[in-house]
Every structure is written in structure tokens, then in C-alpha cells.
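What follows is a single structure, written as C-alpha cells, with notes after it.
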Amino acid sequence: NNLLQKLPPEIRLAKSLSRLVLLNNPLAESPACALEPDTTGLFAYLSALLEGVTTGKGRFAGHRMLEVPNQLLESPNIVDLDVSDNGITQLPRNICRLNELQVLNLRDNELTDVPVELGLCSSLHTLNIDGNRFKELSTNICSMARLQVLTAARNQMKVLPCDLANMA
């Protein structure tokens, strides 16, 4: 619980910094404001994190993440989360904290399954799992009451679950 309101301009010189956690700070501006236009990596991640927390739209495509940021899971106002094109191998069980989540893009990761708890995201209507390593589709996906759009191309599935036809 610090009182950090903005990042110092010198932060852009921290080329070897691979992780910076700034939870519970009243940042008044996007961390990207303190950086030069060609700065990428960590600072693009921080900017996306701040945008996700403030607007409800988390855009983390291609950030080379191995997991969904915990900071987002503490922001129940997220409605649209794009973590496509990363190296994510599993979703955290506490993803169910995202009560308002409507759109989840998990395209092009390394997922083989989704946790049962994803079914507790009662507002979820669009799920993209294209380009992962699913060998079968979990029946828990079929229990998602509001799911209207499911894209599952470019996986390793041979059959679809019988429950798919009985979706609520």
C-alpha cells in the first residue's frame, strides 16, 4: 500500500528489469506515459495491466506471459480479457473471481484444459481456445450457462463432448 502516483522518468533506463509489481498504488497516469515511444516488453505489459484494471478490457496478446496476471484476478470489473499468443499452460482456478467476464480470448497458448471454476464466470458468452493443445473438450465448458460463441480450431481434438448439444 504505497502512495506511488507516477513512475519516475528514469524507469525507462532499467533495461534488465523483468518484473515490477505496483499493486495498490494510486497511479494517476499510465506507466507508458513516462517512457519513450519505442520502449516495449515490461512497459507494454504495465500499460495493458493499468488499462485492464481501469477500463475492464485486458489486452495481453503476445506479451510472452506464462500465466494470467494475478492483478487482473483482483479486478472483478474485467469484462473482456485477451491473453492470446502467449505461453500460458493453465488458467488459475481463481479466474472465477472475474464475475463480469464476458469475452475470454485464450487463442494460441499451450492449454490442454480449462479449470472447472471457469464455469462460475456466469457472464461469459464468448470463449476462444483456438490453437492450443486440447485433446478433448471438457464437459465443464458445456455447463457454461451463457456461452454463445465457442471457437476451438487448431487443437488436437478428435471428438466433441456429447453435452455440447445440450448446452443451456
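Details
- Excluding ligands, DNA and RNA, the accessible surface per residue across the stretch 87-133 is 42 Å² with a 1.4 Å probe.
- Between H125 and R93, the distance separating the two model label sites (each 7 Å from Cα on the Cα→Cβ line) works out to 3.1 nm.
- Principal axis dimensions, the stretch 76-168 - Cα atoms, whole angstrom, descending: 36, 32, 20
- The modelled label-to-label distance between K135 and E100, using points 7 Å beyond Cα along the C-beta direction, is 3.9 nm.
- Carbon + sulfur, % of accessible area of the stretch 88-168 - ligands and nucleic acids excluded, 1.4 Å: 48
The values are calculated or read from the model by the stated rules, or taken from the named source; none is laboratory data. None of these values were measured; they are calculated from a predicted model. For neighbour counting, all protein chains shown are included, and Cβ atoms are generated from backbone atoms with ideal geometry for every residue, glycine included. Note: accessible area is taken over every heavy atom of the protein model, side chains too, but ligands, DNA and RNA are not part of it. Shrake-Rupley method; radii C 1.70, N 1.55, O 1.52, S 1.80 Å.
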